[in-house]
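J.: Could you have a look at this structure, given as structure tokens, before my questions?
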Amino acid sequence: MSLLTLKRSVEASPVSLSTGATPRRRRPRLSTVLGGYLPLVAIVLLVALPLLWMVLSSFKQVSEIITLNLHALPRHWSLVNYTEAFRTAPFGRFFLNSVLVTVVGATLKVLLAIHTAYALVFVRFPAKNVIFVAVLVALMVPPQVAILPNYVLVAGMNGLNTYWGIIVPSLGTAFGTFLLRQAFRSLPMSMLEAAEVDGAGHLARLWRMVVPTTAPSITTVALVTIVSEWNEYIWPLIITTDPNLMTLPVGLTLLQNNESGPAGYGVMMAGAVIVILPVLVVFAFLQRYIVAGLTAGSVSN
Amino acid sequence: MALPNLVLIGAFTYRPLIMNIYYSTLNWTLGSATATVVGLGNYVRFFSSDAAGTVLTTTAVFAVATVGGSMVLGLLVALALNTNVPGTNVARAGVFAPYVLSGVGVGLVWLFIFDPVYGVLAYVLRRFGAESPRWFNDPTLSLVMVITVYVWKNLGYCAVVYLAGLQSLPADVMEAAALDGAGRLRRFGYMSLPLLGPTTFFLLITTILSSLQAFDLIRIMTPTSQGTRTLIYEAYVQGFGAYQRAGYSAAISVVLFVLLITLTIIQIAWVDRKVHYA
């Protein structure tokens, strides 16, 4: 996003990869535990209750959703909202499209970032600093303001309602490049020079030495990229009009239009579960990488 | 090795900036083969229209409210998390979680919660004998609703960054102050808060920039854009809505870009002089 943001975060490193486990100085007293727990529980409930409500509602029948007499738990757990979502819209297609766009897009983006960062750190070529600044400045350009010209360009190349039309425009990655450049710069030059003397080419050095030793940083970039590709909305919304090419967030908009009125809430909750749950599961297991990546760059493209 | 990425960045990041400026000088319907040059006409039209006042006010209110809300609440949450009770790490991850979720999914969930008749919020209000505000019909209430959800989704980011800031405060200095008889509130007001200056500034700028770019949540929760036309929403509606006014939309995008880049430059110019205490 911004030069300073990144510079600052790298210097001050708000959240390090080793996460914020504070060293405990003494055993907490009972009163501290109670006093400390109350706010913690309140905070967790604030986050969890809306999501829990989503999950529970997605299993309720219409009669339990359109009622003034709400109950937390569904009386009859029902999959009708899920089957309805798949019936009124090609939800299977949405899901597969999202998986495809995310996997292909994120893979290419990470590969591009790795290679660019390697070149910026270890390869001698002219105007390197100028190019690095150009990448940095690109971080400051909000993707939203580029929507219209990119639409005109991609539509002009018959990219409407195509996978490449969805994926390609966001492939150029300044965020990943910047984060990995920082990581690569911390590697000892001597290690790579020794390999160079032994006759290892750039690609060999990159994949046998640099990538394995900076795996945590690459994981961070990969996870942040995956999550942002999965959630991406405005570009796929504009570039797809054919439901068969829509990703989940765009498909949900379609579902919302088709299911307007309170009767559609159950189906919409089912749709929301399908788009939210995968990210929540990934986050639950790998949160320390994702939090580190997002708070370091505080940008997702 | 760097070439493919650089070409892509050039084609889809830099090229659009220039093209936007060019398009903004045209009276041009999206998809039409002909366009007439109108110079600064689109800018004049935007700034002299009734819509401009509304759009700029909405953008400002949304930015100030979401930034203020998520930073103040984020700081409070960070203070609550800055303890040594077990389970803090789980709460820290939990409060961050909404930040990584799809804005579309989150928007749908909260639309259901806010429904004035069948929503759980209306249900709770009824229990207390109150009636639910008509969130979907009143422009101001719609904006309040969207701001609330945006803060819910983003406060975890501020909390985690603030928590890291709190944990990096010099423990010996804080303890010395405590021994000298400075109470919790005094230590917070006179020591923690000033020492957190750089963190606050970092968050201020990043959250302003991202709130000016907020789209998915706003689009899903208020599909008619009543009460919630921020600059980015206006650019979208004008360009890709019923009228397809590409030139006009490009002009609004340029205004947004100038705003964002100005903020960025201010931050770069000011940060190192203004916010360092330690």
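J.: Calculate the spin-label point distance for A:L277 paired with B:D180, positioning each point 7 Å from the Cα along the beta-carbon direction, and give it in nanometres.
T.: Going by the 7 Å Cα→Cβ label model, 5.6 nm.
J.: Turning to a different aspect of this structure: Heavy atoms only, 1.4 Å probe, whole protein assembly: order B:Y248, B:Y190, B:Y99, A:Y37 by accessible area, highest first. Before the final figure, lay out each step's value.
T.: Working: B:Y248 15, B:Y190 165, B:Y99 50, A:Y37 80 Å².
Largest accessible area first, the residues go B:Y190, A:Y37, B:Y99, B:Y248.
J.: Given labels modelled 7 Å from the Cα in the Cβ direction, how far is it in nm from A:V41 to B:L169?
T.: 2.6
J.: Here is a further query. Where Rh denotes the Kirkwood radius from the mean inverse Cα pair distance, what is Rg over Rh for region A:225-298? All intermediate terms of the calculation are to be shown ahead of the outcome.
T.: Details: Rg = 14.6 Å, Rh = 13.9 Å.
Radius of gyration relative to Kirkwood radius: 1.05.
J.: With helices defined as uninterrupted DSSP H runs, which ones in chain B have an alpha carbon span along their own long axis of at least 27 Å and mean Kyte-Doolittle hydropathy of at least -0.5?
T.: Values: long enough: B:50-81 (46 Å, 1.75); B:139-167 (41 Å, 1.26); B:246-274 (41 Å, 1.50).
Sorted by number, the helices that extend far enough and score high enough are B:50-81, B:139-167, B:246-274.
J.: Follow-up question, since we're still on this one. Using a probe radius of 1.4 Å on protein heavy atoms only, what is the accessible area buried between chains B and A, both sides summed, to the nearest 100 Å²?
T.: Numbers: alone 16140 and 17320 Å², together 25110 Å².
Looking at B and A, the buried total is near 8300 Å².
J.: Report, in whole Å, the centroid distance computed from the Cα atoms of region B:68-107 and region B:191-226.
T.: Cα centres, region B:68-107 to region B:191-226: 15 Å.
J.: I would also like to ask the following. Which order, highest average first, do A:207-220, A:162-175, B:167-180 follow once you tally other Cβ atoms within 10 Å for each residue and take the mean per peptide? Don't skip to the answer; put the middle values down first.
T.: Values: A:207-220: 17.1, A:162-175: 22.0, B:167-180: 12.5.
Packing order, densest peptide first, comes out as A:162-175, A:207-220, B:167-180.
J.: Expressed as cubic angstrom per residue, what is the convex hull volume of the alpha carbon set of region B:39-260?
T.: Working: hull volume 34.8 nm³, N = 222.
For region B:39-260, the hull spanned by Cα atoms encloses 157 Å³ per residue.
J.: Say R0 is 60 Å: what FRET efficiency, to the nearest 0.05, do B:V72 and A:E196 get from their beta-carbon distance? Intermediate values should be presented prior to the final figure.
T.: On the way: r = 53 Å, r/R0 = 0.89.
Between B:V72 and A:E196 the formula returns 0.65.
J.: I would also like to ask the following. Using a Debye calculation, one point per C-alpha and no hydration shell, please list log10 I(q)/I(0) for region A:145-301 at q = 0.10, 0.13, 0.16, 0.20 Å⁻¹ in order.
T.: For region A:145-301 at q = 0.10, 0.13, 0.16, 0.20 Å⁻¹, log10 I(q)/I(0) is -0.53, -0.80, -1.02, -1.22.
J.: Can you give the three extents of the C-alpha atoms in region B:84-132 along their principal axes, from longest to shortest, in whole Å?
T.: Principal extents (largest minus smallest coordinate, Cα): 41, 28, 9 Å.
J.: What percentages make up the Cα-Cα pair-distance distribution of region B:145-223 when the bins are 10 Å wide from 0?
T.: Calculated over all Cα pairs of region B:145-223, the distribution is 16, 36, 24, 16, 7, 1 percent.
J.: Okay, moving on. Can you compute the modelled spin-label distance between A:M209 and B:A51, with each label point 7 Å from Cα toward Cβ, in nm?
T.: Label at A:M209, label at B:A51, 5.8 nm between them.
J.: Determine Rg/Rh for region A:133-229; Rg is computed over alpha-carbon atoms and Rh is the Kirkwood hydrodynamic estimate from the same atoms. Present the calculation step by step, with values, prior to reporting the outcome.
T.: Values: Rg = 17.6 Å, Rh = 16.0 Å.
Ratio value, two decimals: 1.10.
J.: Whole angstrom only: what separates the Cα centroid of region A:30-85 from the Cα centroid of region A:262-284?
T.: Using only Cα atoms, the two centres lie 13 Å from each other.
J.: Checking the a/c ratio against 1.5 first, then a/b against b/c, what shape does the Cα gyration tensor give for the protein assembly as shown? Mind showing how you got there, number by number?
T.: On the way: a/c = 1.40, a/b = 1.02, b/c = 1.38.
Cα axes put the protein assembly as shown in the rounded bin.
J.: How high is the FRET efficiency between A:A134 and A:N244 when r is their beta carbon distance and R₀ equals 30 Å, given to the nearest 0.05? Show your work: numbers first, answer last.
T.: Details: r = 38 Å, r/R0 = 1.25.
E(calc), rounded to 0.05, equals 0.20.
J.: Which Rg and Dmax, in Å, describe the Cα atoms of chain A?
T.: Every Cα atom of chain A included, Rg and Dmax give 23.3, 76 Å.
J.: Given a 10 angstrom Cα cut-off, can you work out which residue in A:R124, A:R288, A:R93 is the most mobile in a GNM of chain A?
T.: A:R124
J.: Here's another thing I want to ask about it. Using helices alone, I'd like the mean residue ellipticity at 222 nm for chain A: each DSSP H run of four-plus residues gives -39500 (n - 2.57), total over residue count, nearest 500. Working shown, then result.
T.: Numbers: 15 runs with 204 residues, N = 301.
Counting only the DSSP helices, I get -21500 deg cm²/dmol.
J.: Whole number in Å², please: accessible area per residue of chain A, 1.4 Å probe, ligands, DNA and RNA not counted.
T.: Values: 13190 Å² over 301 residues.
Accessible surface, normalised per residue, equals 44 Å².
J.: Further question: Mean Kyte-Doolittle hydropathy of -0.5 or higher plus an axial Cα length of 20 Å or more: which whole DSSP H helices in chain A meet both? Please report the intermediate quantities before stating the final value.
T.: Values: long enough: A:30-58 (40 Å, 2.06); A:91-122 (45 Å, 1.59); A:215-231 (24 Å, 0.93); A:265-297 (37 Å, 1.88).
Both cut-offs are met by A:30-58, A:91-122, A:215-231, A:265-297.
The values are calculated or read from the model by the stated rules, or taken from the named source; none is laboratory data. No experiment lies behind these values; they were computed from the predicted model shown. Every residue, glycine as well, gets a Cβ built from its backbone with ideal geometry; the counts of neighbours run over all protein chains shown. These area figures cover heavy atoms from the full protein model, side chains too; ligands, DNA and RNA do not enter into them. Shrake-Rupley method; radii C 1.70, N 1.55, O 1.52, S 1.80 Å.
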